[in-house]
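Written out below as structure tokens is the structure these notes cover.
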Amino acid sequence: MTAAINSAAATSITVANADFLAQQSLPTLASGYYFVVQVDGEQMAVTGLTLAAGNTATLTVTRALNATTATTHAANASVFLVSDQRTFVSGFNDPAKVSMGSFQGTGSLLIVTTNSDAVVHAGTSLRDAITTANTDAAAGRSDLIVFASNVDGQTITLTQGTLALTGVGGTITINGGAQITVSGGNSVSDFSVAVGANVAINGLTITGASSSVNGGGIKNAGTLSVTNSTLTGNTAVGGGAHRKHRHADDRRLQHDGQLSNL
């Protein structure tokens, strides 16, 4: 399959030579499920699929998945499935039609619809989404957390403590699309990553964190990738800008696990 993508912000792409998808008789993806494709070096979550005449398909995508970077792609760029995705989609309208091993399994697209972190709130909060993703990861599922357009440009101020990413097994990906700010309200760390957890954060501003120990913005003891994100205005006792016990600008990060892209 091939595609040309002229904008790094495009969320709908047309794929040519889509015989592979057409041969599987795949209907539109069921709500809440996705699979992953790669174009050049960028990975994308496909959350919608419409087959069309002329051996083409229109894919609705969430860009810059798994710590890759959204960019433009020249004409005839190759589009392919990312390895074996048995940890991804089983949510087709007719799962019996899905015969290729690369699609069998589950993985959820979790959409945050409110910037509230209150105990009582309408919609799905970031904390709600992380709670679900932790449970899914422990069951071997790899969830993607994104944000509805009504949350774009808003700040999520934490009122119930640090957002703890604890699920071990699957990967938890949070993609803010460079639109979302998470603040600790100058009272708590923004995120913590547990031992054994695998987390990718993309397109977030992480700020307003405060910790009485090393690491304000993110405390990492697992495997963490941070891309296209800003860590600023965070503090911690004992060397707030703490990275492998070294100071590093205003990156309020303490980690004892594996880290990439920071």
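Where a number appears in this text, it was derived from the coordinates with a stated rule and is not lab data. Please read all numbers here as calculations on a predicted model, not as lab measurements. Cβ atoms come from the backbone with ideal geometry, glycine included; neighbour counts cover every protein chain shown.
Which net charge results when you count Lys and Arg as +1 and Asp and Glu as -1 among the other residues whose beta-carbon is under 10 Å from that of Thr71? Combined, the nearby Lys, Arg, Asp and Glu give -1.
Among rounded, prolate and oblate, which fits the range 156-202 when a ≥ b ≥ c are the square roots of the eigenvalues of its C-alpha gyration tensor, a/c under 1.5 means rounded, and a/b larger than b/c means prolate?
Values: a/c = 3.13, a/b = 1.33, b/c = 2.35.
Verdict is oblate for the range 156-202.
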